[in-house]
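The values are calculated or read from the model by the stated rules, or taken from the named source; none is laboratory data. Remember, it's a predicted structure, so these values are computed and weren't measured experimentally. Backbone-built Cβ (ideal geometry, glycine too); neighbour counts: all protein chains shown. Accessible surface is based on the protein model in full, side chains and every heavy atom, while ligands, DNA and RNA are left aside. Shrake-Rupley method; radii C 1.70, N 1.55, O 1.52, S 1.80 Å.
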Amino acid sequence: MEDKKGAVMGTLLKVRVARREMLAEGIAGYELAAVDGAALPDFMAGAHIDVHLPGGLVRQYSLCELPGTQGRYRIGVLRDPQSRGGSARLIDAVREGDELAIGAPRNHFALQGGTQRSLLFAGGIGVTPILCMAQQLAREGRPFEMHYCGRSLSRMAFVDTLRGSGYSDQVRIHVDEGPPAQRFDARTAIGAAAEDSHLYVCGPTGFMDHVLETARSLGWPEERLHREYFAAAPVDHAGDDAFELELLGTGQVVPVRAEQSAAQALLDAGFPLSLSCEQGVCGTCITRVAQGVPDHRDLYLTEEEHLRNDAFMPCCSRARTPRLVIDLQPVNPSCN
Ligand code: FES
């Protein structure tokens with residue numbers, strides 16, 4: 001979650017589904033090619049794209065393999081029973097040959113530079129960005145170890161790809177239903193914090209929290225823990241109160257009712273705001289806070305960034321003070 005510059009959605013790219021295949025039980029893979037046949041923009045491991053689905057939904061999917069010579073993108077989509085309709089709509093309605101609009105790749109989960117050792121942890125569909133990281137690290141000849149956890153092999157995508165790769169000896173696959181000896185033990189896999197190591201994790205929230213908490217208990221400092229959430233846990237809105245947003249330098253005040261989000265109040269009042277995930281995961285709506293204390297409910301900013309209280313996510317976060325003074329200018333990276 002290092003690069004938070006993607007606060008404004010860019011131009012959309014028109015792509016065609018060149019290939020669709022089932023990668024595992026409940027997981028479909030899509031290969032996307034530019035409609036005009038040109039190579040799609042390059043990207044680095046950890047990047048994701050916004051996919052604009054039929055019916056107006058926009059969902060984020062990690063790019064799961066580094067681009068080959070054809071300049072195409074590959075994404076893996078899990079039919080998630082908890083999803084708000086995006087994954088099911090994509091899997092059910094989008095077939096080979098269909099056209100889609102996507103955003104250019106954005107990267108909030110980039111690998112750190114340098115020659116440090118990387119520890120990669122993937123849970124379930126969280127393998128998509130982590131596979132890409134393994135590919136990039138292997139290509140660059142940098143040291144890494146990857147742990148991939150899942151309930152059963154039949155529900156785990158890319159197992160054959162990993163086992164057949166040139167870096168398979170750096171990959172450990174842990175299956176809940178498999179023999180006890182191969183099951184995932186976070187303390188053993190993570191180990192003591194080494195000066196030059198970075199840890200990356202992606203997967204279901206419970207898995208990620210377990211990995212991150214274990215790493216912290218082993219002495220890993222926060223700046224060497226990197227994560228990407230797919231979705232936020234449901235939030236209880238019963239105690240939400242109304243508050244006000246004042247637009248810096250204008251004196252204009254936008255009331256936010258208890259039952260609406262700050263983002264909705266701003267849009268209803270005619271102020272431009274780019275939204276994507278609408279659950280505090282993607283970073284698209286990041287907004288600078290000049291005064292007041294936000295009630296942070298996102299998974300995008302780190303704890304340290306939350307404590308600074310100089311930015312918030314109006315799609316999901318609210319206010320602890322009666323008024324927040326905000327600046328709707330695109331966020332300058334230096335304030336992150
Ligand atoms: S729209 Fe994704 S964090 Fe707000």
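Looking at G97, G86, G141, just one residue is free of Cβ contacts under 8 Å to residues at least 60 places away in the same chain, over 20 Å from M208 (Cα atoms) and surrounded by fewer than 14 Cβ atoms within 10 Å (Cβ to Cβ), and that residue is G141. Tallying residues that are away from the ligand (no atom under 16 Å from the Cβ), in a loop (DSSP other than H, G, I, E, B) and open to solvent by less than 40 Å² (accessible area, probe 1.4 Å) within the range 322-331 yields 0. Out of curiosity, is M156 among the aliphatic types (A, V, I, L, M) and over 19 Å from P67 (Cα atoms)? Against the criterion (among the aliphatic types (A, V, I, L, M) and over 19 Å from P67 (Cα atoms)), M156 qualifies.
Look through the range 40-55, keep the residues that are assigned to a loop (DSSP other than H, G, I, E, B) and touching a strand residue (DSSP E or B) at 6+ places or on another chain (Cβ under 9 Å), and return whichever of them is surrounded by the fewest Cβ atoms within 10 Å (Cβ to Cβ). So the residue we want is P54. Just one of the listed residues (T205, T287) is touching a strand residue (DSSP E or B) at 6+ places or on another chain (Cβ under 6 Å) and within 16 Å of the ligand (Cβ to nearest atom), and it is T287.
Going through (1) in a loop (DSSP other than H, G, I, E, B); (2) surrounded by 20 or more Cβ atoms within 10 Å (Cβ to Cβ); (3) modelled with pLDDT under 95 one by one, Q70 falls short only on (2).
Inclusion of L111 among residues that are under 22 Å from the mean Cα position of the chain (by Cα) and in a loop (DSSP other than H, G, I, E, B) is warranted. Only strands (runs of 3 or more DSSP E) whose full extent lies in the range 175-260 are considered here, and the ones with at least 3 residues that are β-branched (V, I, T) are 253-256. Residue count for the range 254-273, restricted to those that are in contact with a strand residue (DSSP E or B) (Cβ under 6 Å, 6 or more places away or on another chain) and open to solvent by 60 Å² or more (accessible area, probe 1.4 Å): 1.
Tallying residues that are more than 13 Å from the ligand (Cβ to nearest atom) and open to solvent by less than 10 Å² (accessible area, probe 1.4 Å) within the range 295-312 yields 0.
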